[in-house]
Structure formats: C-alpha cells, structure tokens
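A.B. asks: Mind having a look at this structure? Questions to follow.
The values are calculated or read from the model by the stated rules, or taken from the named source; none is laboratory data. Please read all numbers here as calculations on a predicted model, not as lab measurements. Positions of Cβ are backbone-derived with ideal geometry, glycine not excepted, and every protein chain shown enters the neighbour counts. Just so you know, the surface numbers come from the protein's heavy atoms only, side chains and all, with ligands and any DNA or RNA stripped out. Shrake-Rupley method; radii C 1.70, N 1.55, O 1.52, S 1.80 Å.
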Amino acid sequence: MENLSVEVSAVIEPEHLQPIDAGLTAFNTDMTGYNDHLPLSVVIRCNETQEVLGGILGRTYLGILFIDLVYLPLELRSKGLGEKLLTHAEEEGRNRGCISAFLYTISFQAPEFYKKHGWEEFGRIACLPEGASRIFMKKTL
C-alpha cells in the first residue's frame, strides 16, 4: 500500500475514466450476465447551422433508462420540444429493453414538467441554495 497515492482533481481525464468504467462494467457483467450499457443522446439541431441547441443526454443499463442531462434554451421552451425530447428518450429506452427510467432534477428546474409526463417523485434531498432540493424521479416504461 505504500506505493499508492490518492489524487483529487476537478478534471476527469480519459486515463481516469477508462479503468474505472471498464472495471465496473466487467464486475457488473460478471455479477449479472448482462452488458447492455449504451450511451443515449437526443438533441435538437438548428437546420441551417447544424448546431446542437439542446437536448437530453443519458444512458441505458441493466434495463434502466438514466436521464443525466436535459437542457433547452429559454427561447425553445414552452413549444412542445421538451415533451418531444422526453418522448424520444423514453421510446429509445423501451426499444433497448428498458423496463424503468430514472432522473433527478432540482426543485427550481422542472419537476412539474416530469410529473405532467408520468414521472413520479420517490426521493428528495436538500441542496444549495438554501430551500432548494434535489428531486429523484422514476417512471415505469
């Protein structure tokens, strides 16, 4: 143990990610017999410039759709695009064999949007700024 050290960084380098991701994936595959981990990207692009303006990033793994990041610029909100993105992500999850979905949002973000689309809160934890909460949500696919 004397030839080991612990390093803390604000940057996740590929040399950090690769052995941790590969090691955990191998362990989980050995334990479950499944290796269905796939990234998921559902984006909105500008037709003229092909610039990505917003979207959903996540992954599917062990029968669960994980929605990690969701963003639409203010000018694209309240136009049905959020619902379209969410519908596409959920449908892709079903196509990949997922039976449930998971995300977390913050109380000042979009919990009501997700509830309107069939998601249910199953946990909440206080976070900063004071009075805000991280809200954990799930949906059966």
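A.B. asks: Any idea how far the Cα center of the range 70-101 sits from the one of the range 19-58, in Å?
C.D. replies: Between the Cα centres of the range 70-101 and the range 19-58 lies a distance of 15 Å.
A.B. asks: Students often get this wrong, so try it: which of (1) 8.3; (2) 7.3; (3) 12.3 is mean projected area of the Cα convex hull in nm² as calculated from the structure shown?
C.D. replies: Answer by label: (3).
A.B. asks: Pop the C-beta distance of Glu13 and Asp36 into the FRET formula with R0 = 25 Å and round what comes out to the nearest 0.05.
C.D. replies: Numbers: r = 26 Å, r/R0 = 1.06.
My answer for the efficiency is 0.40.
A.B. asks: Is it possible to state the helix-based mean residue ellipticity at 222 nm for the chain, with each DSSP H run of 4+ residues giving -39500 (n - 2.57), the sum divided by total residues, to the nearest 500 deg cm²/dmol? What is it?
C.D. replies: Roughly -9000 deg cm²/dmol at 222 nm, from the helical runs in the chain.
A.B. asks: Mind ordering 73-83, 36-46, 11-21, 95-105 by average Cβ neighbours within 10 Å, highest first?
C.D. replies: Ranked from most to least packed, the peptides come out as 95-105, 36-46, 73-83, 11-21.
A.B. asks: Compute the helix-to-body angle for 14-32: its Cα long axis versus the longest principal axis of the chain, expressed 0 to 90° and rounded to tens.
C.D. replies: 90 degrees
A.B. asks: What's the angle, to the nearest 10 degrees (0 to 90), between helix 81-95's Cα axis and the longest principal axis of the chain?
C.D. replies: 50 degrees
A.B. asks: May I pose another question? Rolling a 1.4 Å sphere over the protein heavy atoms, what is the accessible area per residue of the chain, to the nearest Å²?
C.D. replies: Numbers: 10090 Å² over 141 residues.
I get 72 Å² per residue for this part.
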